[in-house]
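Encoded as structure tokens, the structure appears first; notes follow it.
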Amino acid sequence: MLSYRHAFHAGNFADVLKHSVLTLVLEYMTRKEKGFYYIDSHSGAGMYQPADEYAQKTGEYKDGIAKLIEQQDLPEALEPYIDLVKDLNREEDELSLYPGSPGIARQFTRRQDSAHLFELHPTDIEHLKEYSQRWNKSHVKQSDGYQGVLGLVPPPNRRGVVLIDPPYELKEDYLKAVRTIVNAYKKFATGTYILWYPVVKRELVEQMQSAFTKSDVRNVVQVEYCQKADTTEYGMTGTGLFIVNPPWQLSQQLEEILPYLKAKLGENETSYTLKQLIAE
Ligand SMILES: C[S@@+](CC[C@H](N)C(=O)[O-])C[C@H]1O[C@@H](n2cnc3c(N)ncnc32)[C@H](O)[C@@H]1O
């Protein structure tokens, strides 16, 4: 069942939170000379065009990146992400390109690093291959990303960032994603893992939290930004991330980012939470 296309959603409020965290994590990884693996289990197309028919159909980026990119009073923690998006568009008057997670990783991977990108969708894999053609240190595979992660850890240098960003078309994805991290952690406990989730049904998020707390995984931060209050009706009201072994300043940076997002993108019911779900 591969009906999900990220092009409809690229640059929305969920991408803003996920991609600003990814940017901060990758920037932190490049502070050391030693190379690292970037592993993206669900990569999408790599780069998106907000002017295309998909993005225009939903207009989601207009309530996300398009609002932020105009701001003059950005908190320091959001600058690396916004600067990256601005740099991609520096020749343009408008927002013509928006980076997916591989597009962000590409800006940070050096000669000593490598990116391992998994994608299943027949159209998006072709976009991703084309996008990665001249990216020497990238390895693109049309295969299952959950298996892909487990096959690549631990990386040779024992330094790595794993992003798990499933479409959640299937309910199984919620626990499968956590299980993948729990199993990868057994082989590579010092890696940084970022798991994205939508808030659609509160009990599904609680099941993920409980699977983490029952596991051996340590040092998990959970951040959530909800545009609307929880509801039993259909649709995504919020977005969240579990981050295992985050860089030491990440929580502090999120404390700057979250109120800013609420002020600039929020609605009446908007709320956020940030907690150390599992201690170090
Ligand atoms: C939410 S999107 C990814 C967005 C991307 N990570 C980003 O931040 O720009 C999820 C992607 O996972 C792909 N996908 C679904 N199941 C997969 C699987 N088992 N392995 C790899 N990719 C999968 C979908 O085709 C879709 O493109």
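Total residues in the range 57-78 satisfying the condition of being away from the ligand (no atom under 16 Å from the Cβ) and either of a type in the set (S, T, N, Q) or more than 17 Å from LEU265 (Cβ to Cβ) (or both): the figure is 4.
Considering only the range 9-17, I want to know if a residue exists there that is touching an Asp or Glu at 6+ places or on another chain (Cβ under 7 Å), over 22 Å from ASN136 (Cα atoms) and modelled with pLDDT under 95. Scanning the range 9-17 turns up at least one residue that is touching an Asp or Glu at 6+ places or on another chain (Cβ under 7 Å), over 22 Å from ASN136 (Cα atoms) and modelled with pLDDT under 95.
Being closer than 20 Å to ARG106 by Cα and crowded, with 20+ Cβ neighbours inside 10 Å holds for only one residue in VAL178, VAL161, and it is VAL161. For LYS137, are the conditions met, namely being of a type in the set (Lys, Arg) and crowded, with 17+ Cβ neighbours inside 10 Å? Criteria met by LYS137. Would you call ALA105 within 16 Å of the ligand (Cβ to nearest atom), at pLDDT below 95, within 15 Å of the chain's Cα centre (by Cα) and assigned to a helix (DSSP H, G or I)? So ALA105 does not fit the description; no. Screening THR23 with (1) buried (at least 24 other Cβ atoms within 10 Å of the Cβ); (2) in a loop (DSSP other than H, G, I, E, B) gives one miss only, at (2).
The values are calculated or read from the model by the stated rules, or taken from the named source; none is laboratory data. Keep in mind that this is a model prediction, so the values were computed, not measured. Positions of Cβ are generated from backbone atoms using ideal geometry, with glycine treated the same way; all protein chains shown enter the neighbour counts.
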